[in-house]
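Coordinate-derived values only; no laboratory data. All values reported here derive from a predicted model rather than from experimental measurement. Virtual Cβ from ideal backbone geometry, glycine too; neighbours counted across all protein chains shown.
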């Protein structure tokens, strides 16, 4: 699993845990719903600023989000 896929998987997991739509997340983070979709599918990689806004909208500390992404990458590498 590459970094973009891991970020996307973690973003989707956090969003589903909070039970909100891509549209709601995008609105709360100030990005378009299609951009959220592109990130979740591993097609696009968010900037640091966008990542922090997404984490804020999801009520997830950015450090925890990044750590979970790292764990996803390490798990797939084994």
Exercise. For the subset of region 43-77 comprising residues that are in contact with a helix residue (DSSP H, G or I) (Cβ under 6 Å, 6 or more places away or on another chain) and over 19 Å from residue 17 (Cα atoms), which member is surrounded by the most Cβ atoms within 10 Å (Cβ to Cβ)?
Worked result: 46
Exercise. What number of residues within region 15-29 are part of a loop (DSSP other than H, G, I, E, B) and surrounded by 14 or more Cβ atoms within 10 Å (Cβ to Cβ)?
Worked result: 1
For this session: Considering every residue within region 54-69, establish whether at least one is closer than 20 Å to residue 2 by Cα and touching a residue at least 60 places away in the same chain (Cβ under 8 Å).
Result: yes
